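Comments concern the structure below.
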Amino acid sequence: MKPNLLETLLKNISEKLCESYPTVHDELVGISSRLEELYAKIDIGEDDVRIIGICEMGGIGKTTLARVAYTQMSSHFEGKSFPADVRDISKKLGLISLQKQLLSQILSDECFSFFNVYEGNVIINHRLSNKRVLIVLNDVDNLQNLKCLVGRRDDVYKPTTLNDNDAIRLFNLKAFGCEEVPKEDFIELVEHVVGYAGGLPLALEVLGSFLCDRDASQWRSAIERLQRDSNKEIIERLQISFDGLEEMEKNIFLDIACFFNGEEKDFVMKVLNGCEFFLDIGIDVLIKKSLLTVNKYNQLRMHDLLQEMGKKLLEKNLLMNLENVTDCGREEMSTMC
Ligand SMILES: Nc1ncnc2c1ncn2[C@@H]1O[C@H](COP(=O)(O)OP(=O)(O)OP(=O)(O)O)[C@@H](O)[C@H]1O
Ligand SMILES: [Mg+2]
């Protein structure tokens, strides 16, 4: 098949999919282009197994996108499953229970009994290999878990932050219930908040919902507070990815957040090489976990909100260390007395 014919066919299929569920993304902004890019990676229409990872920083809309794609594509498959919290469930109940959940959702009238992950893996491969199935695994933080459930991923889709127009649209929808700013005195305030959110849907949604129904003076004090102290809900969500890092990677993340965001990678490597072991591996992990990117000028870039989270964490660590030092000092003083 000629490549442009194939492209047209794929475009038609993804347009048809988008058309068939118009209500799903009424409140969602910029979703059509994301869906198109994702469907192009999935290669809809190809008769083989496709495993695509959606990877990016917290709050960018991975789950939202996966949910819409899942809903749109479901009817084209014989079996489907969307385990929502792979990270939590595998920690709390183990991988075997997730494998069983997957199998019993797809092969609904059957019961499965096996006692190790390897056996589960063999059964999944054997029973699902001749079926057309759609599986979305949400919140996977470990490639080994992914392998035990479905296999190695073929490709990765990385959604970008929302462009300025979409960011303003989403924020306005949350703050005012419509796409336009209703009163002139809010225009500058909106620009401020949207700038702070840096195109991150999570931040736009949290801040828009918080400011909804408040007057201009309340907006001003909220903005002032944001400049002094970050929004807890946003930072806590972002911190989940940080908490999943190894100690060495955490240190490198904090170093970059506090001192080197925007600096040339080679320069950072030179400066930090004496302080951090396995620096290149650590940076690579941060890039893979979407906590860091390298731009075309070879500079290390971190989203402003991730940087803010890093600075807050370092501040907290320093304060805790300082408290420990004063506690030790107090104890020493009391034993001396
Ligand atoms: N395109 C969009 N339009 C409107 N709202 C969106 C869009 N994408 C995401 N959101 C909203 O932003 C919030 C964060 O999205 P979501 O949970 O999908 O992010 P995530 O990347 O899965 O985050 P995490 O890594 O923490 O799981 C959600 O409340 C969602 O409703
Ligand atoms: Mg998610």
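The values are calculated or read from the model by the stated rules, or taken from the named source; none is laboratory data. Note that the coordinates shown come from a computational prediction; the quantities given were computed from them, not determined experimentally. For neighbour counting, all protein chains shown are included, and Cβ atoms are generated from backbone atoms with ideal geometry for every residue, glycine included. Calculation scope for accessible area: heavy atoms of the full protein, side chains included, ligands and nucleic acids excluded. Shrake-Rupley method; radii C 1.70, N 1.55, O 1.52, S 1.80 Å.
Using beta carbons and a limit of 6 Å, which pairs, at least six apart or on different chains, have the first residue in region 283-298 and hydroxyl-bearing (S, T, Y) and the second one surrounded by 13 or more Cβ atoms within 10 Å (Cβ to Cβ)?
Hits for this filter: S290/C55; S290/E56; S290/M57; T293/R301.
Looking only at residues that are open to solvent by less than 40 Å² (accessible area, probe 1.4 Å) and part of a loop (DSSP other than H, G, I, E, B) in region 85-107, which one is farthest from ligand 2 (Cβ to nearest atom)?
L107
Can you say whether M73 is open to solvent by less than 60 Å² (accessible area, probe 1.4 Å), away from ligand 1 (no atom under 16 Å from the Cβ) and either not in a helix (DSSP H, G or I) or not acidic (D, E) (or both), as far as the supplied structure shows?
Here the answer is yes, as M73 does meet what is asked.
Do we have L65 as at pLDDT 80 or above, among the aliphatic types (A, V, I, L, M), within 16 Å of ligand 2 (Cβ to nearest atom) and in the same structural domain as P83 (by TED's automatic domain parsing) here?
yes
Suppose we keep only residues that are within 16 Å of ligand 2 (Cβ to nearest atom) and of a type in the set (A, V, I, L, M, F, W, C) within region 205-234. Which one would you say is surrounded by the fewest Cβ atoms within 10 Å (Cβ to Cβ)?
Ranking the qualifying residues of region 205-234, first place goes to V206.
Which count do you get for residues in region 26-51 that are closer than 21 Å to V133 by Cα and open to solvent by less than 40 Å² (accessible area, probe 1.4 Å)?
Result for region 26-51: 6.
Can you give me the number of residues within region 36-70 that are part of a helix (DSSP H, G or I) and more than 10 Å from ligand 1 (Cβ to nearest atom)?
So the answer is 9.
All but one of (1) surrounded by fewer than 13 Cβ atoms within 10 Å (Cβ to Cβ); (2) assigned to a loop (DSSP other than H, G, I, E, B) hold for S290; state the number of the condition that does not hold.
If we test S290 against (1) surrounded by fewer than 13 Cβ atoms within 10 Å (Cβ to Cβ); (2) assigned to a loop (DSSP other than H, G, I, E, B), just (1) comes out false.
Take the conditions within 22 Å of L149 (Cα to Cα), free of Cβ contacts under 8 Å to residues at least 60 places away in the same chain, among the small types (G, A, S) and more than 16 Å from ligand 2 (Cβ to nearest atom) and apply them to G120. Does it pass?
yes
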